[in-house]
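Only one structure is covered here, and it is reproduced in the block below.
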Amino acid sequence: MKQPNKKRKLSMDSKERLDQDGRLEQAEEEKKPKDGTTPLSHVPSAAAQGAWSWEWYLKEQKAVAAPVELFSKDQSFPEHENGFQIGMRLEGIDPRHPSVFCVLSVAEVCGYRLRLHFDGYLSCYDFWTNAGSPDIHPVGWCEKTKHELHIPKGYRKDKFVWMDYLKACKLQNAPKKLFRNRSPNGPMPKEFQVGMKLEAVDRKNPSLVCVATIADIVEDRLLVHFDNWDDSYDYWCDVNSPYVQPVGWCQENGRTLIAPQGYPDPENFSWTEYLEATQTNAVPAKVFKMRLPHGFLPNMKLEVVDKRNPRLIRVATIVDVDDQRVKVHFDGWDHKYDYWVEADSPDIHPIGWCDVTGHPLEVPQGTNDVKIPPGQAVCPTPGCRGIGHIRGPRYSGHHSAFGCPYSDMNLKKEATLHDRLKEQTQANLESDSSHSKSKNLCSLNFNGKHEKVNSQPRILGGAGAAGASPVSVHVHGVSPPFPGPSPRQGATLQAASRRG
Ligand SMILES: [Zn+2]
């Protein structure tokens, strides 16, 4: 585990902070970011007003900070500055489609974080990531590593050339030196190969362990794909992740293994037959190493990206833990906003992370109430300062429950954003199939024919779909194959009924 960074220093007096060389300097909370972004200072946070510090807060709450040793390299204090600038182009993974690499641009820079934009798409699909994320790569990386690049909407795949695109649009690529060299775990053991089978936890439904395939390997991470499910369930993980287990693990541990969707006799799934039918190999069991337990405990305090308003990082407390996850509570907020987050999520940080990286920290309400000028409309949600919008970065703020990411009406609509890739027209789909499973790793043929990969729309509602036509939901001509909220929940029920 990484030791605390030498730069780490908790602000004893939040008017003071460390500059890059470790010297103290006066806090310049209101200073403009160097890239010229619009600061969020229309409602200054309590932290910005110099009234709040972690030291004081921990004392007042009689609370403990989550030890910095529990945090991974991706979560802990960065070793380098964030050198990205607005407008720079790069390549990176679409968080909603982890097998898809896209043309991205830096839309906003804040501390050690970036808001990335999919070129050619609406800003409602923008997402935040850390500058040291292993999910982003310099221009040309896909070509070099033989990955398919999902090009900006409106371009033809066979005609897209990065350098022409940059030149024609007068764009700058993000210099290679800004991308950190990764592989903290050393190189991928050669026993792990693309196409091999394993058993893996469905991160969206962690009680399920399913038949899975290594769909890709990049540096020290592998892409887990669930056989015959669409790629929105895919995820990247380290080889020693507790999420991946060797073939036969479920049987040894008395767990139910979820067979591939459409498997003829799911209750009597046989790995031997399956490997033979698919002509694939299992990852050798001996190469799996179990990761130590994550070590987080209830009541520890930390700084967590608020998934409902991901430009914000809040003071948070762990209220529960399980093998792979922690349940976070945002201090000062109702418990209805609590949620589970993976212990290795890059969105959780040790206390002081915001201070060290120059990111605003949202402190608990009530510690320094913001004065609202009389007559100004304010968001009615308790605790909400009106920052952000349910429709994404197109609007920087809101004044009503309608736009509030925390209002009851919007909480019910969580994850209602349309699928970016299904926003395309049929014509685009035909000319660009990079979003569909072209690798044939999943559309396997255990009964001699290719099964249609389930591509259920993960949408419905439409509050988050600024400008997207509801018709676009069905561009595939496929109706949601399951009436319930999630096909995987259906699988849970099946598994449960089998157990019962
Ligand atoms: Zn609000």
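Computed quantities for the displayed model
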read-out	value
Residue selected from the stretch 206-227 under the condition over 21 Å from Ser133 (Cβ atoms) and of a type outside the set (A, V, I, L, M), by the criterion surrounded by the fewest Cβ atoms within 10 Å (Cβ to Cβ)	Ser207
Residue check for Pro134: farther than 15 Å from Val103 by Cα and surrounded by fewer than 19 Cβ atoms within 10 Å (Cβ to Cβ)	no
Criterion (over 22 Å from Leu90 (Cα atoms), surrounded by 16 or more Cβ atoms within 10 Å (Cβ to Cβ) and in contact with a strand residue (DSSP E or B) (Cβ under 6 Å, 6 or more places away or on another chain)) met by exactly one of Arg115, Arg203	Arg203
Every residue from the stretch 367-413 that is loosely packed, with under 12 Cβ neighbours inside 10 Å, at pLDDT 65 or above and more than 12 Å from the ligand (Cβ to nearest atom)	Lys412
Checklist (1) at pLDDT 95 or above; (2) open to solvent by less than 70 Å² (accessible area, probe 1.4 Å) applied to Gln279, failing item	(2)
Extreme residue, farthest from Glu199 (Cα to Cα), among residues of the stretch 255-269 that are surrounded by 12 or more Cβ atoms within 10 Å (Cβ to Cβ) and among the polar types (S, T, N, Q)	Gln261
Residue in the stretch 414-434 that is modelled with pLDDT of 60 or more and within 16 Å of the ligand (Cβ to nearest atom) present	yes
Verdict on His150 being modelled with pLDDT of 95 or more, in the same structural domain as Gly92 (by the TED database) and of a type outside the set (A, V, I, L, M)	no
The stretch 166-177, subset open to solvent by 30 Å² or more (accessible area, probe 1.4 Å) and either in a helix (DSSP H, G or I) or aromatic (Phe, Trp, Tyr) (or both), residue nearest to Glu91 (Cα to Cα)	Lys176
Entirely in the stretch 51-165, the strands (runs of 3 or more DSSP E) that have 1 or more residues that are touching a helix residue (DSSP H, G or I) at 6+ places or on another chain (Cβ under 6 Å) and either among the basic types (Lys, Arg) or touching a residue at least 24 places away in the same chain (Cβ under 8 Å) (or both)	88-94, 97-110, 113-118
Scope the stretch 58-105; condition among the acidic types (Asp, Glu) and either in contact with an Asp or Glu (Cβ under 9 Å, 6 or more places away or on another chain) or open to solvent by less than 10 Å² (accessible area, probe 1.4 Å) (or both); matching residues	Asp74, Glu91, Asp94
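The values are calculated or read from the model by the stated rules, or taken from the named source; none is laboratory data. What you are looking at is a predicted structure, and each value in this text was computed from that prediction instead of being measured. Virtual Cβ from ideal backbone geometry, glycine too; neighbours counted across all protein chains shown. Surface accessibility is based on the protein's heavy atoms, side chains included, excluding ligands, DNA and RNA. Shrake-Rupley method; radii C 1.70, N 1.55, O 1.52, S 1.80 Å.
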